[in-house]
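These notes concern the structure reproduced below.
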Amino acid sequence: MKVGVLIFPGTWSHQDFAHVLQDVLGCEWGYVWHKDTSVAGYDCLVLPGGFAHGDYLRGGAIARFSPIMEAVVRFAKSGGPVIGSCNGFQILCEAGLLPGALLRNTSLQYRCRWVYVRTESTATPLTRTLAPGQILKIPISHGEGRYFAAPETLAALRANDRIVFRYATPDGRITAEANPNGALDNIAGVCNEGRNVVGLMPHPERAAERLLGSEDGRLLLESLLAAATRP
């Protein structure tokens, strides 16, 4: 099983993912450059955080047109597992693989801090091994993380169990104080209709070792790898 880690000009979390995949999880992986046109040989794709193409216009708006994205869309539509963290989440939304959009934080300030998220859906590759309602401690690092969707889209996400994570207190309460960016309905992550594409604003790759203060992100990546290796 091999994981493809995408790189766009301005991506900066690719090395963190590579370290965790190789040195923590012992997984085979490879970088996929934004000008590539194929993801052949990969069983799972990761779109890391950063500032793809400088986030000009808005987060992910230019990266969506990179040559590699046609291959990513084909891979996702064929059922391949794809996750996007932070800027990767923004790119997946811009590419139409996930609903909604990520807007500027209500504070208009960059937020880099630990947050708690509550697992709302376990029916995705990223959360399959977790328990419903499980609380995870994972850091965020973004200026455009405020999830927004039209009322009918939000209603569909709720009705079809496609809200994957919500910002919460350490004991699992969904409150305004626990929301670091003003996201609609405290949403920290969502999935597509096929449930194989997941986007989340927190960075699981930065919470995969005890030395860093939390291993909760490792749980997500282990779940992803387990799902990708199933026949």
**Study point:** Relative contact order computed over the chain (Cα-Cα under 8 Å; 6+ residues apart), in percent
**Key:** 20 percent
Practice item. Quick one: give the max-minus-min coordinate of the C-alpha atoms of the stretch 44-85 along each principal axis, largest first, in Å. Key: 30, 18, 11
Practice item. Run down the lysines and flag those whose C-alpha is under 24 Å from the C-alpha of residue 35, throwing out any fewer than 8 positions away in its chain. Key: 2, 77
Review point. Based on the Kirkwood radius over alpha-carbon pairs, what is the Stokes-Einstein translational diffusion coefficient of the stretch 1-134 at 10 °C with 1.306 mPa s viscosity, in µm²/s?
Key: 102 µm²/s
Practice item. Quickly estimate the mean residue ellipticity at 222 nm for the chain, helices only: each DSSP H run with n ≥ 4 gives -39500 (n - 2.57), and the total goes over all residues, rounded to 500. Key: -5500 deg cm²/dmol
**Study point:** Fraction of beta bridges assigned by DSSP in the chain that are antiparallel (%, nearest 5)
**Key:** 60 percent
Exercise for review: Pop a pseudo-label 7 angstrom from the Cα along the beta-carbon direction at both residue 22 and residue 158 and give the gap in nm to one decimal.
Suggested key: 4.5 nm
Review point. Can you give the net charge of the other residues whose Cβ lies under 14 Å from the Cβ of residue 171, counting K and R as +1 and D and E as -1?
Key: +3
Review point. Once the convex hull of the C-alpha atoms of the chain is built, how many Å³ does it hold per residue, rounded to a whole number?
Key: 109 Å³
Review point. Within the chain, which complete DSSP H helices have Cα atoms spanning at least 15 Å along the helix axis and a mean Kyte-Doolittle hydropathy of -0.5 or higher?
Key: 216-228
**Study point:** Inter-site label distance for residue 135 and residue 112 at 7 Å from Cα along Cβ, in nm
**Key:** 2.6 nm
Review point. Placing +1 at every Lys and Arg Cβ and -1 at every Asp and Glu Cβ, with all other atoms neutral, what dipole size does the stretch 1-103 have around its Cα centre, in debye to the nearest 20?
Key: 280 debye
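Rule-based calculations on the coordinates, nothing more; no lab input. Fair warning: this is a prediction, and the values are worked out from it, not measured in the lab. Glycine also receives a Cβ, built like all others from the backbone with ideal geometry; neighbour counts cover every protein chain displayed.
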